[in-house]
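Here's the structure, in structure tokens; my notes come after.
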Amino acid sequence: MTAAEEETPWLRLARFSEDHAENKRLWNGYQKYLLRPHSDEYQRQLENPKFACIVDLSDAEIHSIQIEIPDLPKELEQHGVIALNEGTKVINTDLRMSGFYFAFKFRLMGTTLKGYLNLNETEFLRGVSFRGSIFQNMFLADKACFHGFANFFKCEFNSKLSCRSAVFAYAHFHSASFGYSCLFNNTSFVGGANFTDSNFANSVDFGSVGFHGVTFFNLTAASSAAVPISFNATKFCKHPPHFFGRALHEDTDWTGVKLPNARSKTAQCECLRENDKRADDTVQMADKPRDSKAQAALPRHLLEHDKRAYEQLRIKCGALGKVEDEHMFFRREMELTGRLSPWYTRVTYWLYHLVSDYGYSYWRPIAGMGGLWAVWSLFYAFHFMARDQLHLCMDGVELFLSIAGLSFANIFSVFGFYRRFPSDLLADPTFVTVLLTVSETLLGFVFLFFLGLGLRTRFRLR
């Protein structure tokens, strides 16, 4: 520890002993001591099991700490700040703060850390600011909880960044620079994540991450090289990711990604319920879900922005030849287009989705043709029975073949099947007979068209 670091009271407390477990006990106990005068906030944080489990320091221990570190605050306002870098701009040695509890705002701004920073399983109950800091070694924050605004604006991560299974109320990585691989696996971004103008020099893993707010990957400044990004099994609960201005790498992985449903907020509710489960041991970092109608009522301008986000992703994936991903974003774009359309055209988008999943499914048209054949066969049976044209002298098999054959021929009339089945049932057609046959033929053509579209899309037929 350098002389400058020794003059930083909070750093001295973090390294009070050679034993990390003892440092953790003293730090957390002193946080509890400083918070006790603020009774309302103290009671609120007691709801957090991690705070409730902190062992109180004895008066002798507190007195010993204050004698050893005379500049250490003996009291702190409820909205006070723990400034770890006060009096120094460089920290030369490793800083291990895993399992520490921060009951107040935390600040480590404009500082160069030459050693690693270990924040694994750390609790930040208030805002955190690392603005403008440079991390020359590893930044570790696995299973850390950032309950407030986490500010990493213009930070430089020159080595590995690991925030696996962490929880962020809101993560602000605007203009940050990542010189090595980034791991965010199983992390939950509750209120949003901002990676606008961030520069990634290596791969980024967002596998199994839950994004519960708006996620920005926009690039408005100088161009940045595309890097492999994994969104494997990632959940975007409210909004799609925004990639305006940023190029996608050909190895971007969208396997198993879950996108918000424009017609229903069921997926969003599931994400919020999952987030509530993960936040049970914290202080309820996000509001619990309201009723489904309130969640579905997103402002129109947000829906339009989401539609443009899907459009951009569709274009970028199409340019890379990623057909499956392109059509996935196309389907979401169509959902929002339908929702934003006037009421009198909205039904056409609904039917487009129902019949063929926006041209992606070939099983839906097949099922539609099967249902059309069965229902119209029943209509024909009732119609001709009423007209006594079923020739009841025919046995059951012949009657079934006549009706079923007529329905089949009408559906596939474009292939000439009409000539292969008995035509005596249509010898004297009425208006109802013509209406039934013509409607079945038209519907059959529609299902055949979407069957061809689905086969073309799924099997890359060009």
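Could you give the Stokes-Einstein D for region 164-205 in µm² per second, using the C-alpha Kirkwood radius, 10 °C, 1.306 mPa s? In µm²/s, the coefficient rounds to 148.
Surface exposure of region 7-98, expressed per residue as accessible area with a 1.4 Å probe, stands at 53 Å². Peptides 35-46, 330-341 ranked from most to least packed give 330-341, 35-46, packing being the mean of other C-beta atoms within 10 angstrom over each peptide's residues. Cross-link check: pairs K258/K307; K50/K89; K105/K235 evaluated at a Cα-Cα cut-off of 24 Å; pairs beyond the cut-off: K50/K89; K105/K235. Using C-alpha pairs under 8 Å with a sequence gap of at least 6, the mean separation divided by the residue count of the chain gives a relative contact order of 7 percent. Between region 7-41 and region 317-364, the C-alpha centres lie 56 angstrom from each other. Were the residues from L354 through Q136 laid out at 0.36 nm apart, the gain over their Cα-Cα distance would be 73.1 nm.
Each label point was placed 7 Å from the Cα along the Cα-to-Cβ direction; for S64 and T345 their separation is 7.6 nm. Modelled this way, with points 7 Å down the Cα-to-C-beta line, the labels at S223 and V414 are 4.4 nm from one another. With r as the distance between the Cβ atoms of L378 and V323 and R0 = 41 Å, compute the FRET efficiency 1/(1 + (r/R0)^6) and round to 0.05. For V323 and L378, the calculated efficiency is 0.55. To the nearest ten degrees, helix 323-340 and the longest principal axis of the Cα atoms of the chain are 80 degrees apart. Residue by residue, region 47-64 carries 3J(HN,Hα) couplings of 5, 7, x, 5, 6, 5, 7, 5, 7, 5, 7, 6, 4, 5, 5, 5, 4, 4 Hz when phi is fed to the Karplus relation 6.51 cos²θ - 1.76 cosθ + 1.60 (θ = phi - 60°); x denotes Gly or Pro. Rounded to whole numbers, the Karplus 3J(HN,Hα) couplings from phi for region 242-252 are 9, 10, 5, x, 9, 7, 9, 7, 5, 9, 5 Hz, using 6.51 cos²θ - 1.76 cosθ + 1.60 with θ = phi - 60°, and x at Gly and Pro.
Between Q78 and H305, full extension at 0.36 nm per residue minus the direct alpha carbon distance yields a gain of 77.8 nm. You can think of it this way: the chain between A233 and D71 has 53.4 nm of extra reach, that is 0.36 nm per residue less the Cα-Cα gap.
Among 102-111, 347-356, 119-128, sorting by the average number of other beta carbon atoms lying within 10 angstrom of each residue, highest first, gives 119-128, 102-111, 347-356. Among rounded, prolate and oblate, which fits region 78-143 when a ≥ b ≥ c are the square roots of the eigenvalues of its C-alpha gyration tensor, a/c under 1.5 means rounded, and a/b larger than b/c means prolate? Verdict is oblate for region 78-143. Expressed as a whole percent, the accessible surface of the chain that belongs to carbon and sulfur atoms is 56, based on a 1.4 Å probe. Amide H contacts of I82: K105, F106, R107, each under 5 Å away and 5 or more positions distant or on a separate chain (H built 1.01 Å from N in the peptide plane; Pro and chain starts excluded).
The values are calculated or read from the model by the stated rules, or taken from the named source; none is laboratory data. Just so we're clear, the structure is a prediction, and the values are computed from it rather than from any experiment. Using ideal geometry, Cβ is built from the backbone for each residue, glycine included, and neighbour counts are taken over all protein chains shown. All accessible areas refer to the heavy atoms of the entire protein, side chains included, with ligands and DNA or RNA removed. Shrake-Rupley method; radii C 1.70, N 1.55, O 1.52, S 1.80 Å.
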